[in-house]
Amino acid sequence: MEASVVAHVTGSRTEALAELERRARVHLPAHPLSARRRRLLRQGDGFLLVVDGAWQSFATRFTVAELLEDSAAPAAPQLAAEQPAGGTVRAAAGPVPAPSGPERTAQPEPEPDVERYADGVPVRPSWLGRGDLP
């Protein structure tokens, strides 16, 4: 099974189902290459698209789901109730340290003396020839 988010809809569940149906109706799956029959079925909070090809059928399921948590979502602004007494937010003295781990988005600067293809990818991988690797 492979899952992907096709859209985010802000509104009611009925509006989300209407948008999902619209997307399911125009969806063109990669397989089969030459479709002989398309069937769109409604099932609970979603749709099932069955496309028959020359040799077999392929199914795609479209489901409405409520987003409860997203680890990659931007930080929400601080609410007034969460602010310190007096209503002002004081900044810490000194520079703010850069985040570490998966949320860090800064890319390291490319080495200027490394031969690269036109798209910026090094011709020789940096790990090639290193003695500290198994």
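Brief remarks follow.
- Pick from the stretch 112-133, criterion open to solvent by 90 Å² or more (accessible area, probe 1.4 Å) and within 29 Å of Ala72 (Cβ to Cβ), ranking: modelled with the lowest pLDDT: Trp127
- Top-ranked residue of the stretch 1-14 - restricted to ones that are closer than 13 Å to Thr63 by Cβ and open to solvent by 100 Å² or more (accessible area, probe 1.4 Å), ranked as modelled with the lowest pLDDT: Met1
- Number of residues in the stretch 55-69 that are open to solvent by 100 Å² or more (accessible area, probe 1.4 Å) and closer than 13 Å to Arg25 by Cα equals 1.
Yes/no per residue for (1) within 11 Å of Val64 (Cβ to Cβ); (2) without any contact (Cβ under 8 Å) to a residue 12 or more places away in the chain; (3) hydroxyl-bearing (Ser, Thr, Tyr); (4) surrounded by 11 or more Cβ atoms within 10 Å (Cβ to Cβ):
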{"residue": "Ala16", "(1), (2), (3), (4)": "yes, no, no, yes"}
{"residue": "Glu19", "(1), (2), (3), (4)": "yes, no, no, yes"}
{"residue": "Arg22", "(1), (2), (3), (4)": "no, yes, no, yes"}
{"residue": "Pro29", "(1), (2), (3), (4)": "no, no, no, yes"}
{"residue": "Leu40", "(1), (2), (3), (4)": "no, no, no, yes"}
{"residue": "Phe47", "(1), (2), (3), (4)": "yes, no, no, yes"}
{"residue": "Asp52", "(1), (2), (3), (4)": "no, no, no, yes"}
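- Selection within the stretch 1-39 - more than 18 Å from the chain's Cα centre (by Cα) and assigned to a loop (DSSP other than H, G, I, E, B): Gly11, Ser12, His27, Leu28, Pro29, Ala30, His31, Pro32, Leu33, Ser34, Ala35, Arg36
The values are calculated or read from the model by the stated rules, or taken from the named source; none is laboratory data. Bear in mind that the values here come from a model prediction, so they are computed numbers and not experimental data. Neighbour counts are summed over all protein chains in view; Cβ atoms, including those assigned to glycine, are modelled from backbone coordinates with ideal geometry. The area values use the complete protein model at the heavy-atom level, side chains included, leaving out ligands, DNA and RNA. Shrake-Rupley method; radii C 1.70, N 1.55, O 1.52, S 1.80 Å.
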